[in-house]
Amino acid sequence: MAFKREIQGVVVKIAGDKTASVLVERKVVHPRYRKIVKRFKKYLIHDEKNELKVGDVIVAVECRPLSKRKAFRLKSVLVAGVE
């Protein structure tokens with residue numbers, strides 16, 4: 001069985017039917033200055049039941065490509081958003 005990546009992030013946009021845009025933040029050490037800096041990336045997440053709202057903190061798991069940019073599926077909602 002292959003290892004499936006899991007990402008955790010905040011829903012920033014509901015991008016069409018059964019799709020949400022999630023902002024994932026990671027902290028890395030700057031190669032020259034040795035300071036911890038934040039790096040951000042957005043992923044499109046497949047939400048089969050249209051249950052996500054803006055502000056939710058979620059965990060998504062990697063899956064087969066569902067469209068050109070969508071290759072993650074919703075696993076669970078950790079914290080419900082304010083909306």
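The values are calculated or read from the model by the stated rules, or taken from the named source; none is laboratory data. In this text, all values refer to a predicted model and were calculated from it rather than measured experimentally. Methodologically, a virtual Cβ is constructed for each residue, glycine included, from the backbone with ideal geometry; neighbour enumeration extends over all protein chains shown. SASA here: full protein model, heavy atoms, side chains in, ligands and nucleic acids out. Shrake-Rupley method; radii C 1.70, N 1.55, O 1.52, S 1.80 Å.
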The residue that is least open to solvent (accessible area, probe 1.4 Å), considering only those in segment 59-83 that are among the hydrophobic types (A, V, I, L, M, F, W, C) and not in a strand (DSSP E or B), is 63
Matching residues, segment 1-12, being of a type outside the set (A, V, I, L, M) and either without any contact (Cβ under 8 Å) to a residue 40 or more places away in the chain or open to solvent by less than 100 Å² (accessible area, probe 1.4 Å) (or both): 3, 9
Checklist (1) of a type outside the set (S, T, N, Q); (2) at pLDDT 95 or above; (3) surrounded by 16 or more Cβ atoms within 10 Å (Cβ to Cβ); (4) touching a strand residue (DSSP E or B) at 6+ places or on another chain (Cβ under 6 Å) applied to residue 15, failing item: (2)
Number of positions in segment 18-58 that are open to solvent by 70 Å² or more (accessible area, probe 1.4 Å) and under 21 Å from residue 69 (Cα atoms): 11
